[in-house]
Amino acid sequence: MAEDTSSPMDRFCGSTFWNATQTWWTNDPDFTPCFEQTALVWTPCAFYWVFVIFDFYYLKASLDRNIPWNKLNVTKALVNLGLLVITALDLIMALIKKGGDSELPLYDLDVWGPIIKFATFLLVFIFIPLNRKYGVQTTGCQFIFWFLLTVLSIPRCRTEVRLESERQKILDSQQPSEQDFSWEEYQFVSFFIFFTFTSIMLILNCFADGLPRQTKYQRGENEIPELSASFLSRITYQWFDKMALKGYRNPLEEKDLWDLRPQDSCSEVMPIFAHHWNQNVRKNYKNKARVEPKAQFSNGNVTFENPHGEKNGRKKGMASIMPPIYKSFGGVFLFGALMKLFTDTLTFAQPQVLSLIISFVEAKEAEPEWKGIMYSVLLFVLAAAQTFILGQYFHRMFIVGLRIRTALINAIYRKALRISNSTKKESTVGEIVNLMAVDAQRFMELTTYLNMIWSAPLQIGLALYFLWQQLGPSVLAGLAVMIILIPVNGVIASRIKTYQIRQMKYKDERVKLMNEVLSGIKVLKLYAWEPSFEKQVLDIRDKEIATLRSTAYLNAGTSFLWSCAPFLVSLVTFATYVLTSEANQLSVEKVLVSINLFDLMKLPLTILPMLSVDIAETQVSVNRINKFLNSEELDPNSVLHDSSKPHPMSIENGEFSWGDEITLRNINIEVKKSSLVALVGTVGSGKSSVVQAFLGEMEKLAGVVNTVGKLAYVPQQAWIQNATVRDNILFGQTYDRKRYNKVIDACALRADIDILSAGDLTEIGEKGINLSGGQKQRISLARAVYSDADLYLLDDPLSAVDAHVGKHIFEEVIGPKGILARKSRVLVTHGVTFLPQVDSIYVLKMGEISESGTFDQLVKNKGAFADFIIQHLQEGNEEEEELNQIKRQISSTGDVPELLGTVEKAIKLARTESLSDSISVTSADSLMGGGGSLRRRAKRQDSHDSVASAASLKKKQEVEGKLIETEKSQTGGVEFAVYKHYIKSVGIFLSVATLVLNFVFQAFQIGSNLWLTKWANDEKVANDTGLRDMYLGVYGAFGFGQVVTGYLSTLILSLGCVYSARFMHNVLLHGTLRWPMEMFDITPLGRIVNRFSKDVDTIDNTLPLNLRVVILQLFAVLATIVVISLSTPIFLAVIVPIAFLYYFAQRFYVATSRQLMRLESVSRSPIYSHFSETVTGASTIRAYNVGDRFIEESDAKVDKNQVCKYPSVIANRWLAIRLEMVGNLIILFASLFAVLGGQTNPGLVGLSVSYALQVTQTLNWLVRMSSDIETNIVSVERIKEYGETKQEAPWELEQDKNKPKNWPQEGRVEFQNFQVRYREGLDLVLRGVSFNIQGGEKVGIVGRTGAGKSSLTLALFRIIEAAGGRISIDGVDIASMGLHMLRSRLTIIPQDPVLFSGSLRINLDPFEIKTDDEIWKALELSHLKSFVKSLAAGLNHEISEGGENLSVGQRQLVCLARALLRKTKVLVLDEATAAVDLETDDLIQKTIRTEFKECTVLTIAHRLNTILDSDKVIVLDKGQITEFASPTELLDNPKSAFYSMAKDANLV
């Protein structure tokens, strides 16, 4: 034994360390015992010692403590002890049995082997109690260590068993042997005990430890299983199975989701980020006076430092968010980068193994079979390792992305609560919300790809290196082609971008127009103008489609470039290689390995340009966020809270600005305890600014502001949250029923709450959308009263409420006898009425206080205050009784003659303006608003009635079906009919053509690859250049075929999708415009607009892309299967089970993932809407000092969004791992069959394996995209649904053409026992109305709210269809004609003047059939001619959306001009409530009397004096006619209802 062997390892073992003939060049491979006992044992040990640092990190990072002892960890400890004992024993036995006087020499291995093992086991053993103490339930390093140790011990098992059987042979043979086998026997036994124990440890490490006893966060029922999943379950995502199964069985809902992992929640992420941010901010200041502790986590609040620092800190520059982000989240990111590096290396090992397989098949006879099997398994192992590591990598990156997003959203939110007004002015609310919605989101999407910055060049470099080895310098030719294609692609991409921007512009125009059309749909129907607007929308849509078509050609261009790029590259490279020198011959191995490497290069080359654009965009986002986070904040010290001052609120010598010029100067105000101070002055005199100064919202330039006590604030524009009425009033305080009811009654909210569908638990829409102005204001006031503060700042809370309600509120709440009588309060007001009752008045003028004192003092002064009163009374919106009160008050003061004169005038005005009734209900809808701002009421009783009747109506409505139908959120799969509908809309021919062309494309591709291998296998080529050129030519021809079919298939598909998009939109538009009016009443406008914007956009842009990818990938997978089956037909047997696996993974995934995505998008919008709400209401939030509560709410919303987002990220990983394993199985079987099967053609074998290598990626994409298609095809379903909804009666009928052009000639209107209801299931509104109007009569229609006045006109125009009886005009039943025929022959001047954006001309004559002269004449008669003449553009004057740039009176006159242009025999006049001033009203009446002398005129009157001169009057009550006679006749009868109305209006 003692011969001196060469290598040190041999000396170390005392035997050979490596013997190539024994291990490699043999049919029965085996390692030497020395190798087995050193290399194979030390590799796992080394691994563990290197990576043990991660175990320490997990101990440190763990949030839990103290896992109880349990079966698992006790067993682990015992087995580990066993291992320690057995290794110690090995060492002792070696020292006893060998060396010294025994004849066996003692080698270094016998001593060091056990020592190394012992040290490693000891380290592992130490971690068992440590992990238990720090609550670590599983560790990856240990699992991998035991796994490696077990697997690598297997060769030694084989060796030991063989040696044992040889020993038995010797012992069994008859000769008594001299040898002593006791040491070998001992080794045999000890090894197998060791092996058993390691296997047991491996099995034990597959499970996670028990739950920790102490956790930092409460672990709920719904805890995410990942926290207690074992390492094995984590890398395979097996813990997600439950969710996938649940989602597959029935659609997931929010309650099925797991809680968030604590380490991803705001409360964990924020302190870390805040700490680093604050450090960064401090670095930016030169004076390092303060040393701050770490970011403190005081009761869940994270404090962010103000980057503007104290006023004296000289600023060095902006604090950026990047360093804090690196420091907070960089660790995980670096670990991810390490993984990425690892997978990149593994990727490039694959082509190397491929070339080994090919050379193995080439030399099949010479090589032993086990090598082929080994190569196949090696390929599989490489692929599987890559799968698992990539899975973890993406998972880590997503988590980093999510955490960054959380940190940014929260930082932005906290900042938004503190920005100063000058900052707020710089950006709109929308822009600030975009920081959160777009910029923070962009960060999250980038993190996943950020590592490509170094990874892509690395991959390209490696690929080039290996290619150079195969083909030498010819590679450069191929590379050149690739590089040339990049700028070409860039050019096309930038063109596509310009088209996209153009398309977005058209889309916005179209959606804006649709929005207007839908808002004014009722007017369009009354005028029969739909066709004109339909045409306008379609014109814009045609431009949009043209843009889409151009984009389709360009898209086909890019995809054509990418599909032919790999081919062109290989063609150029191989051609160069073959043509440069005679000696260069293609071999199969060269060809296939090169193609494989070129493919690997394709992805990084595509990603790099895209990535650089993304990074540039993200840089912009970073700058925007930085700018915002560094912007100025409000100075928290501008308002002092010094309780030693005599009065609770005071300003001394104040000077304030809104950030630019000085707004208020020389302000001295003091508010005594429990007094009421009024601030008055003209508009813009700075009243509200004073209130803001008290709140500290303004920039204080000089003076002292002091407030002592809790504040409550009622802003001028009520800020209402999207919550229930009750939540809005409680505003975070506890509910005290008695106090609450008192407040509600005092603020006159009882009646409104009764009207609302669910009382005070009714949800209010965003910005208080379903409340009237008065209601919002009162809720805002109730919030302040309920908060029970010490100081009240009331900024004109009575502006939006009616006079009598205002009076009630003043008496019950604000005034000297109200709830707030004991509080100190400042009231900004415009009303004069209440001033006599306040303690002191401050009059503001031009930002200064011009005088102050009590009412009487100021009236005597005859100063600014007296002017204010005079000016105010001339506006004339006070009521009679109130004015009388003021008159008394003023006359008691003594000599102020001119004031008294004004009061007298105002009283007169108030009399003439009294209305019989001030609200007209068009349909039950507007009752949502309740008795809101019903201004200028003569009698309070009225209001009560109308509110009561409205309430009863509303109750009915609730019983008979909710008003707004809830939107169907689609769950589950999509029916096949939808797909069929889509394919039909694309066109059968185009659909088939796409499939055929794709088929041909793949055929060409396979053909060209087979041709290459045939060429490479051909021996003769070497000596025959002609033959070589023939091969090259055919190869080129195949390529040409690919290029053409590839281009055509993409183009045809894209164009097909464009046709389909056009068709779908037209169906949608056609259907929606022909809905009956009731459909518009029950469908919210936003939902319809959403169909026209979001769903149409999906069909325009998203679906075509998805389809293109899916079809491409589908054919690629089929091609792979074909190629593999060509080379090894037996493969088809494996395809079936693999397809099943695949299908199941896909089904489970799609169902779960789709629902998760829906939940995620549903939970995302509340973050943004809550944020925009906060930004708008920031001053209120600060005034009430509830910022922390809002921050918590925001955090909760972000966490809730993560709860939905995290599982969908995991679902992607779960699927990826499963699919890639399916793909890896394909690789394994393809290569195994190739190696074992009888296939001797190395070309085919290599081809099938290289196709298999690409299949994993393809499969993955296929599932992703097909699930995207399922998600997006829903848009088709929704559009189809809207296009097929019930339609109104046809617009034109054949028999209409026989009617005379000028029908109706006389204008006789006859109602016969007519009944009508608004919708199925509601009560009748008109119950059997009969009357007869002769041609040319003027008839007035009067009645209280809800009597059915408007319903009468709506029925005349068939906006609502008859439920019984009939209406005939000139003896023709109107139900027998087309709607447009009817509506275009009647004229209406509607109640609310609706104008559309566009020229004035389009608004008067949308069909452009009238001449200019006719239009000018109409304008002249409607008193608009001089106005229009004064405009630069005349008739082409652009009118803004909703006619915003005309006054209300002018809009009403435009409607009159429309009527004059149409001038038919029957005119319906639905009189404007109070929109028009008396002047305009007189003009309109005059014109109508002269111009429509011969016509029948029906007037729905609100002011009785307009109909006193009519021929007949119809009095309606509860849907029936109570009186029908001439006005004089009715007025002579004091018992008539008409008489009592006239008396109310002071007309008799």
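The values are calculated or read from the model by the stated rules, or taken from the named source; none is laboratory data. Only a predicted model underlies this, so the values are computations on that prediction, with no experimental measurement involved. All Cβ positions, even for glycine, are placed from backbone atoms using ideal geometry, and neighbour counts span all protein chains on display. What goes into the accessible areas is simple: the full protein's heavy atoms, side chains included, and nothing from ligands, DNA or RNA. Shrake-Rupley method; radii C 1.70, N 1.55, O 1.52, S 1.80 Å.
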Within the set of other residues whose C-beta is less than 10 Å from the C-beta of Gly135, count the net charge using Lys and Arg as +1 and Asp and Glu as -1. +3
If every alpha-carbon in the stretch 1-96 counts as one equal scatterer, what log10 I(q)/I(0) does Debye give at q = 0.13, 0.22, 0.24, 0.25 1/Å? -0.77, -1.24, -1.29, -1.30
Residues other than Asn1260 with Cβ under 12 Å of its Cβ, Lys/Arg counted +1 and Asp/Glu -1, net out at +2
With every protein chain left in place, what is the accessible area per residue of the chain in square angstrom, probe 1.4 Å? 43 Å²
Taking the DSSP beta bridges in the chain as the whole, what percent of them are antiparallel, to the nearest 5? 55 percent
Enumerate cysteines in the chain without a disulfide-compatible partner, where compatibility requires another Cys Cβ under 4.7 angstrom. Cys45, Cys141, Cys157, Cys206, Cys266, Cys564, Cys747, Cys1057, Cys1204, Cys1455, Cys1495
Members of Lys525/Lys1410; Lys672/Lys710; Lys590/Lys1014; Lys673/Lys807 lying beyond 18 Å, as alpha-carbon distances in this model show: Lys525/Lys1410; Lys673/Lys807
Can you work out ³J(HN,Hα) from phi for every residue in the stretch 1143-1149, in order, using Karplus 6.51 cos²θ - 1.76 cosθ + 1.60 and θ = phi - 60°, giving whole Hz and x for Gly and Pro? 4, 5, 3, 5, 4, 4, 5
Diffing the stretch 1510-1527: the Karplus 3J(HN,Hα) column from phi (6.51, -1.76, 1.60, θ = phi - 60°), in whole Hz with x for Gly and Pro, holds 7, 6, 9, 10, 10, 9, 9, 8, 6, x, 10, 7, 9, 9, 8, 6, 6, x
Given backbone amide H placed at 1.01 Å from N, residues whose amide H is under 5 Å from that of Ile1439, ignoring those fewer than 5 places away on the same chain, are Gly1398, Ser1399, Leu1400
Built amide H within the under 5 Å cut-off of Val1316, gap 5+: Val1325, Leu1326, Gly1328, Ala1363
Quick check on the chain: helices-only [θ] at 222 nm, where DSSP H runs of length 4 and up contribute -39,500 (n - 2.57) each and the sum goes over total residues. Nearest 500, please. -20500 deg cm²/dmol
Summed over the other residues with a beta carbon less than 10 angstrom from that of Phe31, with K and R at +1 and D and E at -1, the charge totals 0
In nanometres, what is the gap between the two model label sites at Glu1414 and Phe999, each 7 Å from Cα along Cα-to-Cβ? 6.0 nm
Could you check the simple spin-label distance between Val613 and Ala493, using points 7 Å along Cα→Cβ, in nm with one decimal? 0.5 nm
Restricting to Cα atoms and excluding each atom paired with itself, what does the Kirkwood estimate give for the stretch 46-167 in Å? 16.7 Å
On a C-alpha basis, how far is the centre of the stretch 115-131 from the centre of the stretch 637-661 in Å? Whole number, if you could? 69 Å
Candidate lysines - alpha carbon under 24 Å from Lys60, same-chain residues fewer than 8 apart omitted: Lys76, Lys133, Lys216, Lys294, Lys327
So which aspartates and glutamates can Lys887 reach, going by Cα to Cα under 20 Å and dropping same-chain residues fewer than 8 places off? Glu811, Asp839, Asp856, Asp867, Glu875, Glu878, Glu879, Asp895, Glu898, Glu904, Glu913
Euclidean distance of C-alpha centroids, the stretch 1030-1046 and the stretch 392-465, integer Å: 45 Å
Which shape class, rounded, prolate or oblate, goes with the stretch 523-578 when its Cα gyration tensor gives a ≥ b ≥ c as root eigenvalues, a/c under 1.5 marks rounded, and past that a/b bigger than b/c marks prolate? prolate
Report the trypsin sites (Lys or Arg not before Pro) located in the stretch 1491-1548 that are in a DSSP loop and have at most 16 other Cβ atoms inside 10 Å of their Cβ, or state none. Lys1493, Lys1518, Lys1535
Rounded tilt (10° steps) of 266-283 against the dominant C-alpha axis of the chain: 90 degrees
Expressed in nm to one decimal, what extension gain is obtained for the pair Ser1165 and Glu164 from 0.36 nm per residue of sequence separation less their Cα-Cα distance? 353.2 nm
For the Arg750, Ala119 Cβ pair and Förster radius 51 Å, calculated FRET efficiency rounded to 0.05 is 0.05
Tell me which GluC sites (Glu not before Pro) from the stretch 212-278 have a DSSP coil assignment and no more than 12 other beta carbons within 10 Å of their own. Glu221, Glu253
With the 8 Å Cα cutoff and a minimum separation of six or more residues, the stretch 1-140 has a relative contact order in percent of 30 percent
With the full set of protein chains in place, find how many percent of the accessible area of the chain is carbon and sulfur; take the probe as 1.4 Å. 59 percent
Treating cross-link reach as a plain straight distance, find the aspartates and glutamates whose alpha-carbon is under 17 Å from the alpha-carbon of Lys1518, omitting any fewer than eight places away in the same chain. Asp917, Asp942, Asp945, Asp1323
What percent antiparallel are the DSSP beta bridges of the stretch 722-864, to the nearest 5? 55 percent
Difference of contour (0.36 nm per residue) and Cα-Cα distance, Lys364 to Gln1305: 328.5 nm
Interchain or sequence-distant (5+) residues whose placed amide H lies within less than 5 Å of the amide H of Leu640 are Val705, Asn706, Thr707
Note to self: C-alpha centroids of the stretch 1178-1207 and the stretch 1488-1521 sit apart, in Å, by 56 Å
Beyond 64 Å, what share of the Cα-Cα pairs of the chain remains, rounded to the nearest whole percent? 33 percent
Loop-located GluC sites (Glu not before Pro) in the stretch 589-683 whose Cβ has at most 15 other Cβ within 10 Å (DSSP): Glu661
Integer Hz, Karplus 6.51/-1.76/1.60 couplings in order for the stretch 121-137, x for Gly and Pro: 4, 5, 4, 4, 5, 4, 6, 5, x, 4, 4, 5, 5, 8, x, 8, 8
By average C-beta atoms within 10 angstrom, highest first, the peptides 257-266, 1347-1356, 731-740: 1347-1356, 257-266, 731-740
Sticking with the crude label model, points 7 Å out along Cα→Cβ, report the distance from Leu1118 to Asp1532 in nm, one decimal please. 9.2 nm
Sites Lys645 and Ser1447, calculated FRET efficiency, Cβ-Cβ separation with R0 60 Å, nearest 0.05: 0.80
